[in-house]
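Each remark here refers to the structure printed beneath this line.
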Amino acid sequence: MNVVEPVLFQCRVNPFSTAIATPGSGIGSIKYGQLEALIHNVACSALKAGLAPGDVAAIYVADSIFHAALFLGLAQIGVVTIPLTTAMRPEQIPITALLTNNRDAFAGDDKVVAIEASWLQGDGSPPDYERIYRCKPDDPCTIVLTSGSTGRQKGVALSHRMLGERAVFNAYAKGPLIAKISRHFCSMQAATLVGIRDMMYTLGRGQTIYFAGPEPTDVLQYLAAYNVESLVVSPHDLRAYLAYFQADLGLSSPFKVVVCQGAKLSQMLAEAARTRLCQNLYTSYGATETSTVACGPSHRLARVPGAVGLICPGVTVEIVDDADKPLPLGQEGHIRIRTPHLAGGYVGDPETTARLFRDGAFYPGDVGRINAERMLIVTGRTKTALSVSGDTIDPEIIEDILCSFPAVEQAAAFDQDDAMGISRIHALIVASGSFDEQALRSHCATRLRDAMVPVTFLKVNEIPRSAQGKIDRRAALEIWRTRQTPT
């Protein structure tokens, strides 16, 4: 079955119910009947543009409703999508077209197909889908990009069956309340896997999903008024939204459940969120490659340092030694994961696939143990990496981007928890002369996700290194601590 079919069914059953809302954006909100017309119009526009089943199209648009219409319309005619959250596409994955309404962001890219509002316009009549494309369950639907354990952009291909099953799995993997709620707010972009999965879960049930518009604060006034009862959020975003609620005591929180995922949730932030936003705060552990692996109530997990959740039904997590031999319960080792929704590897990257996907299992690069309650406890990583806002990224990625800026000769990126326990990126810079900090920040912002842009840049005479010439990140952090007031 095509993953879009349940959405189209709800469009026919509930044409006057709100499907997607993005307060403050250009479109604002659409009802299911309007969404059905947009899906058909996009399908027709794509066919007129020469796209065909099996083609691969990257999508880069900021508006969540526009993105949703493109994603669903293209999937309905068998075009495989690559949602982009930054103005960069992975060169190792061949594409047919790059669909964007921001042509300047991809200057010189001959794959760019400029799209405008006209792609959404038409009479809403469906093309002859049966003639154009008959979907098989294991046909590829989308290729979702992930930073992976090395930080380089990698593509994880999800079939129509896999994406649909991951959406269904969401109903019980995130605690007992999610399935009872009809209005959901996802703080992640619609182009992220979490955004796509939550969108498919919500729309497939005739419910309403909210995404943030250009100004995240715009959605706050709608939450209580429209009784938006669930929030899916990263620790980075949770901290930001919590600050608004703490600053305005008159702002009412309607949430019955909050699910925090993507990175470590500090006990301080969890306690503050439970006090001001919602008592039912869950944390979730997983990856693009695996879907949800573990989840649990934060107040219970807080009793066990490093606990990330109770292992979900159908998921197998093993702790193994350096020789891949399973270790007894309670012993610490490398985490190995098998799930019913496990991806087959990385598109166009056989080397990393062979290293991280072995014998039907995925090795996320985390170190940990499992206790008698089947609680997964993560104690560290097998290599140096920065875990920020749901992404595990090689600091060399940030450093390469910093060094591509004029005048910057060397750079060292590292992370430091702020007062709320949120990991923030900072950087030491060796420059040939003075540099415009705001211009450097803008340079990074067009190439990295917001949470990965260094909060501070500290100019130094040299980068601390080991005897082997590798960057000493602990020493870099100490230099920063002595010369920079934490933000």
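See the values below:
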item: Relative contact order %, the range 231-324, counting alpha carbon pairs below 8 Å whose residues are six or more apart; result: 21 percent
item: Part-to-part distance (alpha-carbon centres) for the range 190-258 and the range 343-358, which is given in Å; result: 34 Å
item: Dipole-positive endmost among GLN261, ALA191, THR96 within the chain (Cβ charges, Cα centre); result: GLN261
item: P(r) of the range 1-154 over all Cα-Cα pairs, binned every 5 Å from zero, in whole percent; result: 2, 9, 18, 22, 21, 15, 9, 3, 1, 0
item: Mean residue ellipticity (222 nm) of the chain, computed from DSSP H runs ≥ 4 via -39,500 (n - 2.57), nearest 500; result: -8000 deg cm²/dmol
item: Separation in nanometres of the label points that stand 7 Å from Cα toward Cβ, at VAL320 and ALA105; result: 3.9 nm
item: For semi-axes √(5λ) of the Cα gyration tensor in Å, calculated from these coordinates, the label among (i) 43, 28, 22; (ii) 34, 27, 24; (iii) 55, 26, 23; result: (ii)
item: Potential extension, ASP218-LYS48 segment - 0.36 nm per residue separation minus Cα distance; result: 57.6 nm
item: MET1/SER182 FRET efficiency (R0 25 Å; Cβ-Cβ; nearest 0.05); result: 0.60
item: TYR172-GLU373 FRET efficiency (beta carbon distance; Förster radius 25 Å; 0.05 resolution); result: 0.85
item: Relative contact order of the range 330-453, defined on C-alpha pairs under 8 angstrom at six or more residues apart (%); result: 17 percent
item: Pair GLU130, SER17: separation of 7 Å Cα→Cβ label points (nm); result: 2.8 nm
item: Ranked packing of 214-221, 105-112, 374-381, most packed first, by mean Cβ within 10 Å; result: 374-381, 214-221, 105-112
item: Normalised contact order of the chain, rounded percent, pairs of Cα under 8 Å and 6 or more residues apart; result: 12 percent
item: Chymotrypsin sites (Phe, Trp or Tyr not before Pro) within the range 1-74, DSSP loop, no more than 14 other Cβ atoms inside 10 Å; result: PHE16
item: Over the range 168-229, equivalent-ellipsoid semi-axes from the Cα gyration tensor in Å; result: 19, 14, 9
item: Residues of the range 158-199 with amide N under 13 Å of the 7 Å Cα→Cβ point at ASP248; result: none
item: Degrees between helix 473-483 axis and first principal axis of the chain (Cα, 0 to 90, nearest 10); result: 80 degrees
item: Local electrostatic count, TYR201, Cβ distance below 10 Å [Lys/Arg +1, Asp/Glu -1]; result: +3
item: Beta bridges per DSSP with both ends in the chain, % antiparallel, nearest 5; result: 60 percent
item: Relative packing of peptides 238-245, 190-197 - highest average C-beta neighbours within 10 Å first; result: 190-197, 238-245
item: Sites matching GluC sites (Glu not before Pro) across the range 85-171 that sit in DSSP coil, with at most 15 neighbouring C-beta atoms within 10 Å; result: GLU91, GLU116
item: Estimated inter-spin distance, LEU327 and SER434, nm [label 7 Å along Cα→Cβ]; result: 5.3 nm
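Bear in mind these aren't lab numbers, they're just calculated from the coordinates by the rules spelled out. Treat the numbers as computed from the prediction; the structure is a model and nothing was measured. Positions of Cβ are generated from backbone atoms using ideal geometry, with glycine treated the same way; all protein chains shown enter the neighbour counts.
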